[in-house]
Amino acid sequence: MPSLTHLQQLEAESIEIMREVVAQAENPVMLYSVGKDSAAMLHVAKKAFFPSPPPFPLLHVDTTWKFQEMYKLREKAAKEAGMELIVYKNPEAEAQGINPFDHGPLHTDMWKTEGLKQALDKYGFDAAFGGARRDEEKSRAKERVFSFRSENHQWDPKNQRPEIWSLYNARKAKGESIRVFPMSNWTELDIWQYIRLENIEIVPLYFAAPRPTVERDGLLLMVDDERFPLNEGEEPVTRSVRFRTLGCYPLTGAVESEAASLNEVIQEMLLTTTSERQGRAIDHDASASMEKKKQQGYF
Amino acid sequence: MVDAQSYQAEALIGQDIEAYLAAHEEKTMLRFITCGSVDDGKSTLIGRLLYDSKMIFDDQLSALEAASKKSGTQGEAIDFALLVDGLAAEREQGITIDVAYRFFATEKRKFIVADTPGHEQYTRNMVTGASTADLAVLLVDARQGILTQTRRHAYLVHLLGIKHIVLAVNKMDLVDFDQMRFDEIVADFTHFAANLEMTPPLAIPISGLAGDNITQKSANTPWYAGPALLPHLETVELAEDAAQQAPFAMPVQWVNRPNLDFRGFSGRLAGGTVKPGDKVRIVPSGKTSTIASIVTMAADASQCDLAEAVAGQSVTLTLKDEIDCSRGDVIAAADNPPLAADRFEASLVWMDETEMLPGRAYELRIGTQAVSARIQAPKYAVNVNNMEHLAAASLGLNEIGVVELATDRPVVFAPFADSQKLGSFVLIDKLTNATVAAGMLHFSLRRAHNIHWQAVDVDRAAHAALKGQQPKILWFTGLSGSGKSTIANALEKKLHANGKHTFLLDGDNVRHGLNKDLGFTDADRIENIRRIGEVAKLMTDAGLIVLTAFISPFRAERDMVRALVPAGDFIEVHVDTPLDVAERRDVKGLYKKARAGTLKNFTGIDSPYEPPETPEIVVNTTELSADEAADVIIAYLDKH
């Protein structure tokens, strides 16, 4: 028999991890952000449990500021997978009208970090799958596949359980929870190739199209709805753009591109010279900022 | 600068992306670790591999250049090590303290490299990184030669069964690419490796900083005939390919039962290959069946059955017969299934701050099985610096030893040397949930090896020896509501967690059965205690530690029971709670009834209580919680 290809190996490992969680955890959930990594992770989950639907719900921690096209795909993907979709919005953030234009870092804190904690507590989820990859960012490169969080959802990088062979230990004390990263060993290119090979549907924003944009602080932002406050004299300009990563639309920079097909996107990605997270405003502050955010409970 | 063009087919990407992707999809994947002493240049080597395979983006490179000037160790030049030293705390200290995973690819393979730390205190991290590796790159500083750390890491790599080892003699540029120096180091290592019966490594002279013999042969080492590092990594055999040659075995992770018409067994193949029609055996039950189908999800429903699955693949199997099979079982080749046993010899790497407790029950995970296991005191510990065997009563953090262990039921296994998946296990502390040890099974111990089995008479001593404990009767006496049962319960939990075989006799399990014909007259109370005493004695003959929680108000009966067992085996625990305190607690409302006269012969009210005169232990419940009282008793037991 020929060797397994790297994608077959990665998929087999991710499936094994997902099944272990289902066998060991009491109340697992899959965090679903609608991005390409989530799409690949959801696809692996469908394969892991076929012909059963994945035996856990999808959770989207919503900020109300995602791209409209993401909301559309969210409903469709959950329905096709035969899974329950839980959408959680932090009620305090909603009441205070927290938004990325007026509230800066508080937006991420309240909607995402706090919202996630609240949702996990509310439904009593003891294990949450996330689509993070180790190649994304330095502190993620050191995180285990099974990553424990204290009752306060904190990560202690100095005190990680040894994770040996594929013998995953999901035992935990009452109140503790686990973040599980089944896609840890995939790279951005692996994800794209898998999407191509398995014909996985992704949000059209990943492909170039003419879109209304404005330039702010070095980021090219898309005017996705009427809530986008335009400055004095600022006019949206139609540019052919696409997104390498998707989040809240006012925080996610587009790149100018003509790559309208999957092959062209992968081609552009391979020839590109800046790394994926550069389009995200969140990492720009200090180079160790992600590590700090995670210690506070960011996914 | 080494030419990196060949490692990212940029021209192909630009001209024919379809062809490039089709080729890239066929790549295999190699996982390896880099290890070696602190300053041997591991991070620099990985940074170099990332850089040469163009895995560093412009923004990372500019951040790297800035960081190199600020905290780098290479002056104005790029410090590749800064690329991989991830956590902020590490960057400040200039050392790697955990395992970091990095990714890069060449035309032939994708690579996952685990950068593992060099310090002794982080052996457990290195074991973590090495456990999933196909290959190890062991770095040596050409100026320093083989150091204690090098030997330790080589031993760990060998212990973890990594078949391919590269001895990368680094910083060759700093010894003027001197062949004699290189040969000297290789000879030194070969001598050491032979003692370990380790596969001889491939030795390569390199410079991580300057790039010699990394992606291609260096002009600076014309005397070196072997391959450069990266070409070797691209062609070395993968562990999973080797596993395909093993007999078929798949530990069942999960039973897939979407409806009454489908029952599949999900798992990842530990070894071999499997096809529909193959005869299989379920271990440990031994039942046989035939593979009906190998199910996977495909867009086209006709593609949902696979013709074959191989080691490393995650699949769902269906069987032709309705037989019992669940998580923990192994589906295996009918004619060559793995064995099941409950006593083993194994190597153990201890990974927890709390040292190993011989006799304690740990959770043992092997494959998808979880059982309770007790470890005996190590046969010996290994000095990882010189491989000497040392006498040891226990193993502490980062210590390695050979132990015997017993599981509470048979587990399916294969020797680690034959199967990494079926021969590796972890131990988990049941109270803290920490993963405390990694183990590699050598072989199962046959009964002939068990000295207890050879005893002609299975007597009291033989029962006790098999359980590895001294039988005792812990006799709790005290007023109603004094806290006897609560303390006895707390104590039993602790003893149980420590791997002791115990049994608690109390009103609930005795009065309702054995003694349900007895009332509360003095005569009945005496007969009650006599029977309990006899049962407790039989249980100690069976090797158990018996806890009894009865008022047992009369001195004479307690002394009668004391006389039934050998001196020192009866421990009287007086749960000393003053009457007014017990009455105030009145948990069951009995004192109230007794005071009201509706309950006759109630100890302390209208029936006497004779406190022990010289009890072994007195517990004052107005000062101690049940938990603390249990600890006092455990301390007493430890002393005697």
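The values are calculated or read from the model by the stated rules, or taken from the named source; none is laboratory data. If you're wondering where the values come from, they're calculated on a predicted model, not measured in any experiment. Don't worry about glycine lacking a Cβ; one is built from the backbone with ideal geometry, like all the others, and counts go over all protein chains shown. For accessibility, only protein heavy atoms count, side chains too; no ligands or nucleic acids. Shrake-Rupley method; radii C 1.70, N 1.55, O 1.52, S 1.80 Å.
The figures follow:
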| item | result |
| --- | --- |
| Span from the segment B:256-291 Cα centroid across to the segment B:538-589 one, whole angstrom | 53 |
| Angle in degrees between helix A:36-49 and the longest Cα principal axis of chain A, rounded to the nearest 10 | 30 |
| Using a Förster distance of 56 Å, the FRET efficiency for B:Thr199-B:Leu538 (Cβ separation, nearest 0.05) | 0.50 |
| Considering only the protein assembly as shown, percent of DSSP beta bridges that pair antiparallel, nearest 5 | 65 |
| Projected-area mean, segment B:461-639, by convex hull of Cα positions, square nanometres | 9.9 |
| Hits among aspartates and glutamates - C-alpha to C-alpha of B:Lys639 under 13 Å, sequence gap 8 or more where chains match | B:Glu616, B:Asp631 |
| Set of lysines with alpha-carbon distance to B:Lys600 below 17 Å, sequence-local pairs under 8 removed | B:Lys588, B:Lys592 |
| Sum of side-chain charges, B:Ile17 neighbourhood, beta-carbon under 10 Å (Lys, Arg +1; Asp, Glu -1) | -4 |
| Two-site label geometry, B:Asp586 and B:Ala19: point separation in nm, points 7 Å out along Cα→Cβ | 9.5 |
| Test item: Cα-centred dipole of segment B:486-640, Lys/Arg +1 and Asp/Glu -1 on Cβ, debye | 480 |
| Kirkwood hydrodynamic radius of segment B:508-602, from inverse mean 1/r over distinct Cα pairs, in Å | 15.0 |
| Helix A:262-271 axis, angle to chain A major axis (alpha carbon atoms, nearest 10°) | 90 |
| Chymotrypsin sites (Phe, Trp or Tyr not before Pro) lying in DSSP loop within segment B:192-248, provided at most 12 other Cβ fall within 10 Å | B:Trp223 |
| Spatially proximal aspartates and glutamates relative to A:Lys72 (Cα-Cα < 14 Å; intrachain offsets below 8 disregarded) | A:Asp62, A:Glu80, A:Glu201, A:Asp224 |
| Percent accessible area from carbon and sulfur atoms, chain A, protein chains only, probe 1.4 Å | 48 |
| Total accessible area lost when A and B pair, probe 1.4 Å, Å² to nearest 100 | 7000 |
| Per residue accessible area in Å² of segment B:178-243, where ligands, DNA and RNA are left out and the probe is 1.4 Å | 46 |
| Net charge, A:Met30 excluded, C-beta distance under 13 Å - Lys, Arg +1, Asp, Glu -1 | +1 |
| Mean Cβ neighbour count within 10 Å, used as a protection proxy, ranking B:396-409, A:105-118, B:135-148, B:506-519 highest first | B:135-148, A:105-118, B:396-409, B:506-519 |
| Shielding by other protein chains, A:7-16, mean Cβ within 10 Å | 6 |
| Estimated dipole of the protein assembly as shown in Debye, rounded to 20 [Cβ of Lys and Arg +1, of Asp and Glu -1, Cα centre] | 2660 |
| Ratio of the Cα radius of gyration of chain A to 2.2 N^0.38 Å, where N counts its residues | 0.99 |
| Solvent-accessible area, 1.4 Å probe, carbon plus sulfur percent, for segment B:314-461 | 50 |
| Kirkwood hydrodynamic radius over Cα pairs of chain B, then Stokes diffusion coefficient at 25 °C and 0.890 mPa s, in µm²/s | 83 |
| Accessible surface, per residue, of segment B:246-333 when the full set of protein chains is kept, probe 1.4 Å, Å² | 41 |
| Kirkwood hydrodynamic radius of the protein assembly as shown, Cα pairs, Å | 31.4 |
| Residue-normalised accessible area of segment B:461-639, given per residue in Å² at a 1.4 Å probe | 47 |
| Entries of A:Lys112/A:Lys142; A:Lys117/B:Lys42; A:Lys172/B:Lys421 with Cα pairs more than 27 Å apart | A:Lys117/B:Lys42 |
| Dipole-positive endmost among B:Ala334, A:Tyr249, B:His191 within the protein assembly as shown (Cβ charges, Cα centre) | B:Ala334 |
| Flagged links, alpha-carbon separation over 18 Å, of B:Lys171/B:Lys217; B:Lys379/B:Lys430; A:Lys89/A:Lys122 | B:Lys379/B:Lys430 |
| Protein accessible area in segment B:169-278, 1.4 Å probe - carbon and sulfur % | 53 |
| Two-decimal ratio, segment B:344-449, of alpha-carbon radius of gyration to 2.2 N^0.38 Å | 0.99 |
| Burial ranking of peptide ranges A:7-16, A:142-151 (average Cβ count within 10 Å, highest at the top) | A:7-16, A:142-151 |
| Neighbourhood net charge (12 Å Cβ-Cβ; Lys/Arg +1, Asp/Glu -1) for B:Lys537 | +2 |
| Segment B:394-449, dipole about Cα centre (Lys/Arg Cβ +1, Asp/Glu Cβ -1), debye to the nearest 20 | 220 |
